[in-house]
1. At q = 0.15 Å⁻¹, what base-10 log of I(q)/I(0) does the Debye formula yield for the chain when every alpha carbon is treated as an equal point scatterer in vacuo?
2. Which FRET efficiency, nearest 0.05, do residue 153 and residue 59 yield, Cβ-Cβ r, R0 35 Å?
3. What is the Cα centroid distance between the stretch 1-51 and the stretch 123-176, reported in whole angstrom?
4. Just subtract the alpha-carbon distance of residue 4 and residue 160 from 0.36 nm times their residue separation and send over the number in nm, one decimal.
5. As a check on your grasp of the helix formula, calculate [θ] at 222 nm for the chain: sum -39500 (n - 2.57) over DSSP H runs of n ≥ 4, divide by the residue count, round to the nearest 500.
6. For a footprinting-style exposure proxy, rank 33, 102, 95, 40 by other Cβ within 10 Å, fewest first.
7. Got a sec? How would 51, 13 order by Cβ neighbour count within 10 Å, fewest to most?
8. For the stretch 1-92, rounded, prolate or oblate, judged on the Cα gyration tensor with a ≥ b ≥ c (square roots of eigenvalues), a/c < 1.5 rounded, else prolate if a/b > b/c?
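Bear in mind that the values in this text are calculations on the coordinates, not laboratory data. Bear in mind the structure is a predicted one, so any value in this text is a computation, not a measurement. Cβ coordinates were reconstructed from backbone atoms using ideal geometry, including for glycine residues, and neighbour counts include every protein chain displayed.
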């Protein structure tokens, strides 16, 4: 049975996810299947040969997520910060270059689930670093960087409460 606090958190996460465009929702679901090893993404998500290639590329980009989770620095001056941030910016740049995450909110939603609540303090910096890279088109770069609020960029602290809602693939016959 859910406690009131957990139920409120779940509803807030559901609302946030529902606020994302359909393509963003689809990308987050697919990314969670790949990044968390939940299901065979090729079988579920590949509708075209181009999507099969994109999924294969995402599997390669996500191959180090388990290592990244283990590398999470303990505190702002944690050991291995450079390696961790470099790897996080690299995988973040991959996701942002796919043009399915429309801003910081969708990015944060995905990465809180891929890496856990402990990654929250590092997400604004990784997002800004990845969004500013030259492989992101200039206008997209501008839109992405403008999507992070001052509050998110300058937060004095972050919740350590784990996400409760992990969106999954829903077959069309179940949705109807």
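1. Evaluating at q = 0.15 Å⁻¹ gives log10 I(q)/I(0) of -0.91.
2. In this case the efficiency is close to 0.65.
3. When both Cα centres are located, 13 Å separates them.
4. Result for the pair: 54.4 nm of gain on full extension.
5. Per the formula, -18000 deg cm²/dmol.
6. 40, 102, 33, 95
7. Exposure proxy ranking, most exposed first: 51, 13.
8. Oblate, because a/c is 1.5 or more while a/b does not exceed b/c.
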